[in-house]
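One structure below.
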Amino acid sequence: MKSGVKSAAEYVAAVALLRIFGWMPRKLAFRAARIASWLGFRLAKRQRNSGLRNLSMTMPGLSSTECESILRACFDNLGRLLVEFSHFPDLNPSNISNYVVYEGFENFSEGVRRGKGVLFLTGHFGAWELSSFAHSIYGHPMKFVVREIDNPRVERLISGYRTLGGNAPVRRQNASRDILKALRNNETVGILMDQNTVREEGVFADFFGIPAATTPAVATFALRTGAAVIPGFLIWDETLQKHRLHFDPPLELIQTGDRTTDILENTRMFNKVLENYVRKSPDQWLWIHRRWKTRPVGEAPLY
């Protein structure tokens, strides 16, 4: 009974939010999202505490007021993401440049030119759902790795929005096979690699100077296939009032001949790239995630 009620409630809430924000004109929706993000900051105690803990660990020089300000902006960023996601059906090739502009597109083109596929190194930064979606609307559909939402009706709803531009999800149960196939076809695959993973599935690579259990997937696939690894992030530009879809040049992989060492060292490099983006725009990263939850054997919990 309880799981059924929860399932129905989740679906109704997801549909309601998408319909309400999608029905509103964008400016009005953004105002409403600011109210929702303020409420979220006040009511989501566990997420708020996790965010403040993360900030105190990674940026010890910040005052409590500065940490709270960044975290408030993080909730605002989530509200912006929700509005953008709800308006996916309105986006098309003729209007996408009103909301998202490219920066460094030549770096993506170089990755494609190499002919061995492209791996986007990215994370939960800015309006990350819009990143791959805008790329598809511009004419470059891609694969993206996702963990299916437990509620099947919510999963179908969200997946329906994500794939409107031609992108295709890669389910975790078939991830290795599907990613290898895509890269061999010189396709693009996006992997969010900034979330905590279990000890058995990750490697410990420093993130803000703290060992973080990190997926080795990007390094593993790049070393195996020769795919270009391109950092790609969607950055909200307050001055432009647009998102900048920024691509860095393909990264030079570390290759010593020892596969275990190479996977670890490249994952460390990738985490450093992510860290640099977060340091530049800390208000646009998902601080409320317990990124350092999994600890090396013998270490005390951080949360």
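Among the residues of the stretch 144-192, those that are polar (S, T, N, Q) and crowded, with 18+ Cβ neighbours inside 10 Å comprise Asn151, Asn167, Thr188. For Asn49, the criteria (1) surrounded by 15 or more Cβ atoms within 10 Å (Cβ to Cβ); (2) at pLDDT 95 or above; (3) not acidic (Asp, Glu) hold in every case but one, which is (1). Filtering the stretch 243-276 to residues that are among the aromatic types (Phe, Trp, Tyr) and closer than 15 Å to Ala205 by Cβ leaves only Phe270.
Restricting attention to the stretch 47-105, and to residues there that are among the β-branched types (Val, Ile, Thr) and either part of a helix (DSSP H, G or I) or without any contact (Cβ under 8 Å) to a residue 12 or more places away in the chain (or both), which single residue is farthest from Ser136 (Cα to Cα)? First the steps, then the outcome.
Residues of the stretch 47-105 that are among the β-branched types (Val, Ile, Thr), as a first pass: 58, 65, 70, 83, 96, 100-101.
Now narrow it down to the ones that are either part of a helix (DSSP H, G or I) or without any contact (Cβ under 8 Å) to a residue 12 or more places away in the chain (or both): 58, 65, 70, 83, 96.
On the way: Thr58: 34, Thr65: 39, Ile70: 31, Val83: 19, Ile96: 10 Å.
In this case the residue turns out to be Thr65.
Here Ala228 meets the list (1) of a type in the set (A, V, I, L, M); (2) surrounded by fewer than 20 Cβ atoms within 10 Å (Cβ to Cβ); (3) in contact with a Pro (Cβ under 9 Å, 6 or more places away or on another chain) almost entirely, failing just condition (2).
Taking first residues from the stretch 222-251 that are under 26 Å from Arg268 (Cα atoms) and partners that are among the polar types (S, T, N, Q) and part of a strand (DSSP E or B), the Cβ contacts under 8 Å between residues at least 6 apart in sequence or on separate chains come to Pro231/Thr122; Gly232/Thr122; Phe233/Thr122.
If you take just the helices (runs of 4 or more DSSP H) that sit entirely in the stretch 133-228, which of them hold at least 3 residues that are among the small types (Gly, Ala, Ser)?
175-184, 217-225
Looking across the stretch 115-174, the residues that are at pLDDT below 95 and aliphatic (A, V, I, L, M) come down to Val145, Val146, Ile149, Val154, Leu157, Ile158, Val170.
Within the stretch 161-180, the residues that satisfy the criterion of being over 13 Å from Ile191 (Cβ atoms) and touching a helix residue (DSSP H, G or I) at 6+ places or on another chain (Cβ under 6 Å) are Tyr161, Leu164, Gly165, Gly166, Asn167.
Listed here are the residues, each with its yes/no results for (1) within 18 Å of Pro211 (Cα to Cα); (2) hydroxyl-bearing (Ser, Thr, Tyr).
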{"site": "Gln255", "(1), (2)": "no, no"}
{"site": "Arg259", "(1), (2)": "no, no"}
{"site": "Glu265", "(1), (2)": "yes, no"}
{"site": "Phe270", "(1), (2)": "yes, no"}
{"site": "Glu275", "(1), (2)": "yes, no"}
{"site": "Ser281", "(1), (2)": "no, yes"}
{"site": "Gln284", "(1), (2)": "no, no"}
{"site": "His289", "(1), (2)": "yes, no"}
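Of the residues contained in the stretch 95-114, none is found to be at pLDDT below 95, surrounded by 20 or more Cβ atoms within 10 Å (Cβ to Cβ) and of a type outside the set (A, V, I, L, M).
The values are calculated or read from the model by the stated rules, or taken from the named source; none is laboratory data. Bear in mind the structure is a predicted one, so any value in this text is a computation, not a measurement. Note that each Cβ is placed from the backbone with ideal geometry, even for glycine, and that neighbours are counted across all protein chains shown.
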